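What follows is a single structure, written as structure tokens, with notes after it.
The values are calculated or read from the model by the stated rules, or taken from the named source; none is laboratory data. These numbers come from a predicted model, not from an experiment. Backbone-built Cβ (ideal geometry, glycine too); neighbour counts: all protein chains shown. Ligands, DNA and RNA are stripped out before the accessible areas are found, and what is left, the full protein with its side chains, is counted by its heavy atoms. Shrake-Rupley method; radii C 1.70, N 1.55, O 1.52, S 1.80 Å.
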Amino acid sequence: MVENQNRPFGKMLTAMVTPMLEDGEIDYEGAARLATYLVDEQHNDGLIISGTTGESPTTSDDEKDRLLRSVVEAVGDRATVVAGVGTNDTRHSLKLARSAEKAGAQGLLAVTPYYNKPPQEGLVRHFTSIADATELPVMLYDIPHRTGTPIASETLVRLAEHPRIVANKDAKDNLGASSWVMERTDLAFYCGTDILNLPMMSVGGAGFVSVVGHIVGSDLRDMIDAFDAGEVAQALAIHRRLTPVYTGIFRTQGVITVKAVLNLFGLPSGPVRTPLADASSELQALLREDLAAAGVKGPIGLAPHQAVPASAVNVERLAEGSV
């Protein structure tokens, strides 16, 4: 039996897409339905709202607030709803954090400030200010290939001294550095790179903040439960079976591919907002092949050249299989 005593946000979370209507406006009713599906059918302990996968760079503060309230109302009584509040402007992040607390969020996700490349002391001040702004627990988000700035291991150790900075979504993809920080702090490390979910568990990770959890959340839950139970071979078998999903979803920006699959499945999704671009028919065909290779059931069983309009998919049928 593997014991992991520190899981402040649960062990399985999905960074939820923001469903859109065909005119590009947010589908708030669809967001509530998707959140319900992810919690009740895909067995997520929590959801990240308005993260990068939620297209936060292109949604307004008012849209973020209404979206968060819709999800909290739908699943906040049975899942941890975490609001993405990270920006490259500390004052803006503080405003978003306070608004999220009022809207009912149970935690905050704060990504490293991007583009302006702050020094490590600036990161300490930024994240500490966010943690001081509310009474909510904070999950840092370290993803240097997007932001241009890593949170140094020594900086993570300093930040862990704050009583409300309790976790790190780790997309640095350096298990050695992650292990070094885990040895020296009580920070809960959540894997932010899906293909490293199981390896992160092996060095003490608390769980996942997943993108593919939209599609194979139940499988990820089985994998983490098997690992916790000491059934490592079973966890490894699930990890290997899901490899085509991990690689396929990240053929391009993950929002694009996840929305393509959700549309195929007849689940709330809709288009992406520019500057992103919706998946081409060629990419959709590749995704069908990827998911079929992983044994994902549903409309994916069709030949790669066949297109399925979202309206033609029977969601009840999907719920009976494994997605």
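Structure above, values below:
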quantity: Two-decimal Rg to Rh for the range 157-205 - Kirkwood Rh, Cα set; calculated: 0.95
quantity: Column: log10 I(q)/I(0), Debye, Cα scatterers of the range 213-293, q = 0.12, 0.19 Å⁻¹; calculated: -0.39, -0.81
quantity: Alpha-carbon centroids, the range 148-187 and the range 31-67: separation in whole Å; calculated: 25
quantity: Greater than 24 Å apart at Cα, pairs in Lys169/Lys259; Lys169/Lys297; Lys117/Lys169; Lys11/Lys117; Lys64/Lys169; calculated: Lys169/Lys297; Lys11/Lys117
quantity: Between 0 and 90°, nearest 10: helix 90-103 axis offset from the chain longest Cα axis; calculated: 60
quantity: Accessible area of the chain belonging to carbon and sulfur atoms, whole % at 1.4 Å probe; calculated: 50
quantity: Mean separation of Cα contacts under 8 Å, 6 or more apart, over the residue count of the range 140-265: relative contact order %; calculated: 17
quantity: Whole-Hz couplings from phi, Karplus 6.51/-1.76/1.60, listed for the range 197-207; x for Gly and Pro; calculated: 3, 5, x, 5, 4, 5, 9, x, x, 7, x
quantity: Mean accessible surface per residue for the range 5-150, computed with a 1.4 Å probe while every protein chain stays in place, in Å²; calculated: 41
quantity: Cβ crowding within 10 Å averaged over residues, with 205-215, 252-262 ranked highest first; calculated: 205-215, 252-262
quantity: Gaussian network model of the chain, springs between alpha carbon atoms under 10 Å - residue of Phe250, Phe189, Phe265 with greatest fluctuation; calculated: Phe250
quantity: 0 to 90° range, to nearest 10: angle between helix 213-228 axis and the chain longest Cα axis; calculated: 60
quantity: Computed accessible area, Arg78, all protein chains, 1.4 angstrom probe, square angstrom; calculated: 100
quantity: Full-stretch length increase - Asp62, Asp89 - with 0.36 nm per residue and alpha-carbon distance subtracted; calculated: 8.0 nm
quantity: Check: the range 1-80 dipole with +1 on Lys, Arg Cβ and -1 on Asp, Glu Cβ, in debye; calculated: 460
quantity: Cut-off under 5 Å, modelled amide H: who pairs with Val272 long-range; calculated: Asp278
quantity: Cα centroid separation, the range 228-246 to the range 77-107 (Å); calculated: 33
quantity: Å³ per residue enclosed by the Cα convex hull of the range 30-117; calculated: 86
quantity: Unit charges at the beta carbon, dipole of the chain: most positive-side option, Ala32, Thr87, Thr243; calculated: Thr87
quantity: Alpha-carbon spread of the chain, three principal axes, descending order, Å; calculated: 53, 46, 35
